[in-house]
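The values are calculated or read from the model by the stated rules, or taken from the named source; none is laboratory data. It should be emphasised that the depicted structure is a prediction, and the values quoted were computed from it without experimental measurement. Neighbour counts run over all protein chains shown; Cβ positions are idealised from the backbone, glycine included.
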Amino acid sequence: MNWSRGKSDEGNGRIDDEIAFHVDALTAKNLERGLSPDEARRQAMIAFGGREQARQQVREVHLWALRESVAANVRSAMRFMRRAPGFAAAVMVTLALGIGANSAVFSAVDAILLRPLPFPHGDELVRFHQLDFRKKIPETSVATLRLEDWNAQNSTFQSITGYYTGDAT
């Protein structure tokens, strides 16, 4: 049986590495007892158990240590909050404001930049400008009547529309 990583994910890979270490240690002990390499490996695999059972046992050991660590941290935090309630309240308010601000910024970025435009076939939208040949620069504002004329004469696009922005200051 091969205990190397193979196709397993990173978490299982670390567990497989740990299991392989223990199987190799048992194999070395069996070799010291005088068994052949193949028999020493086979006996180590039998003594260690199945791969999935060993993985589950290792996961439970690591999970139990994690639970104990979290419980110790929670107890420590509670003791600290009882000793310095004002400072603890300030820390909680700061965390709440930071998390709230982060959520608000992400919501805005998500709505503005990450989500697709709320139009069917939004990837087919086109923006065009009117060019003043005397100034050689595109004008950003187009008169409403001109947009209506362009839309009436349009044979290329599904429709033409415009928008107006004002300066909030």
Do we have Ala108 as exposed (fewer than 11 other Cβ atoms within 10 Å of the Cβ), closer than 30 Å to Ser159 by Cβ and not assigned by TED's automatic domain parsing to the domain that holds Gln158 here?
yes
Looking at segment 138-156, I want the residues that are without any contact (Cβ under 8 Å) to a residue 12 or more places away in the chain and have a partner that is surrounded by 10 or more Cβ atoms within 10 Å (Cβ to Cβ) and not in a helix (DSSP H, G or I) with Cβ atoms under 6 Å, at least 6 apart or on another chain. Which pairs are those?
Pro138/His129; Pro138/Leu131; Glu139/Gln130; Glu139/Asp132; Trp150/Ile160; Asn151/Ile160; Asn154/Ile160
Residue identified as in a helix (DSSP H, G or I) and not assigned by TED's automatic domain parsing to the domain that holds Val23 among Ala65, Ala71, Ala96
Ala96
What is the residue count in segment 51-76 for residues that are over 20 Å from Ile15 (Cα atoms) and surrounded by 12 or more Cβ atoms within 10 Å (Cβ to Cβ)?
0
